[in-house]
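Asks: Below you will find the structure I want to go over with you.
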Amino acid sequence: MNNSKKVNEKWSKKDYQKSSQKVYKRSDKAITLIALIVTIIVLLILAGITINLTIGNNGTLNKAKVATEEYKNTEKNEQADLDRVDNEIAKYMPNGTSGDENEGSEEIPGSTILRKNAPIISVKGLKYADLDGDEIADGIIVADISKDSEDTTTYKGGNPMNSDDSSDSGFSYTTVTSGLKEYSENTSYKYTNADGSTVDGTLIKCTNNTGTPRFYIISLADYDNDLHSWYPLENSEKYEDITLGNFGKGKENTKNMIEAWNEKRFGEHSSLYEDEIDIWAVIQDKVKEGWFIPSTEEWIAFVSYLNIPQSSMDDETGIYSKPYSEYGFTQSDYGTSTMAYAGVPWYMSIMYRSVRYYGGYISYNTRLCAYF
């Protein structure tokens, strides 16, 4: 009896331990699952909050986008304000100098052509103008008003030149030696042609843009590849007064003719050739940049200063040489801004080193010049 009780007690204790152990294991699993579910819920809540903070209407990304747009608008408004201030200041700034004026600041002419369009220059020792300070030539220097026009050392071609008209046989101007702009020279400069070839020269750039421009420059290439006529005048209302041949009048001539063209002062715009556009219609954008068509005396001074040789004819072939091509000129004949008579300008014959005109309607190539 006592043994039976002990056995029952023994098994009873063992069964209790097993039962207790099973309950404990089920409880442990239940707690772990609940904790996982709670963790997932918490993570989902946190993810939702994060997403809302990032891409919601008031989220970080939206705020960044709004801030970026506000910055761009502010930048545009500031630039517009600066432009308005610049335009207002420009109204009271001097537009440059002409004639014998020694004060003021001249506008810097823009580049008329891309370097790839410039003809090859093979003559050494030419002087080039650096208009924008990038150490690259923007034009060829063709006159220096600080030198006497009768100085045969500077103007190597001599003065006067050949001409069909004695009134346009030479050039002269008042020498300016004070109040000039300041310049620097790079005498070891190498001009680089479009084909990669180089030629020794001197590069001159302006270091102080206050004062009278000293140098006349000519563009590296023709305005375009087309021939252009003058505005065919229906009347000759004092055309001599607005297109003078004097040195220093080219810019004024150009301005006067463009105004006459825009106002149709001398009649309707027309041309004898349907596909031809007169020069005053096409160069106005470049004139705004400071370029102009040279007068007769300016052209004479340019050719003389460069000392371009006169063309010669080969006795065997009858073909004329083209020494002017070595200086970057593609043609022999270029129009001036000086009228010979109504609608017909004088032209510069580089080949013959003379100023001429034809007795009828004709068109010419155009090379623009400026001063700096």
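A short reminder: the numbers here are calculations on the coordinates, not readings from a lab. Just so it is clear, the model here is predicted, and its values are computed rather than measured. Cβ placement follows ideal geometry from the backbone for every residue including glycine, while neighbour counts extend to all protein chains displayed.
Asks: When a footprinting reagent is the concern and you count Cβ atoms within 10 Å, what order do Glu297, Glu316, Glu259 take, fewest first?
Replies: Glu316, Glu259, Glu297
Asks: Evaluate Rg over Rh across the range 115-371, taking Cα atoms for both radii and Kirkwood's formula for Rh.
Replies: On the Cα set of the range 115-371, Rg over Rh gives 0.96.
Asks: What order, most packed first, do the peptides 248-258, 140-150 have when packing is the mean number of other Cβ atoms within 10 Å of each residue?
Replies: On the way: 248-258: 21.9, 140-150: 20.2.
Top of the packing list down: 248-258, 140-150.
Asks: Sort 183-193, 199-209, 327-337 for me by packing, meaning the mean count of neighbouring Cβ atoms within 10 Å per residue, highest on top.
Replies: Ranking, from highest mean packing down: 327-337, 199-209, 183-193.
Asks: Could you line up Thr154, Thr212 from fewest to most neighbouring Cβ atoms inside 10 Å?
Replies: Fewest-to-most Cβ neighbours within 10 Å comes out as Thr154, Thr212.
Asks: Search the structure for amide H atoms under 5 Å from the amide H of Leu131, placed 1.01 Å from N in the peptide plane, and list their residues when 5 or more places away or on another chain.
Replies: Residues meeting the amide H criterion: Asp138.
Asks: So, in nm, how far is label Ile319 from label Glu268 when the simple model puts each one 7 Å beyond its Cα toward the Cβ?
Replies: Taking the two extended label points, one gets 4.6 nm.
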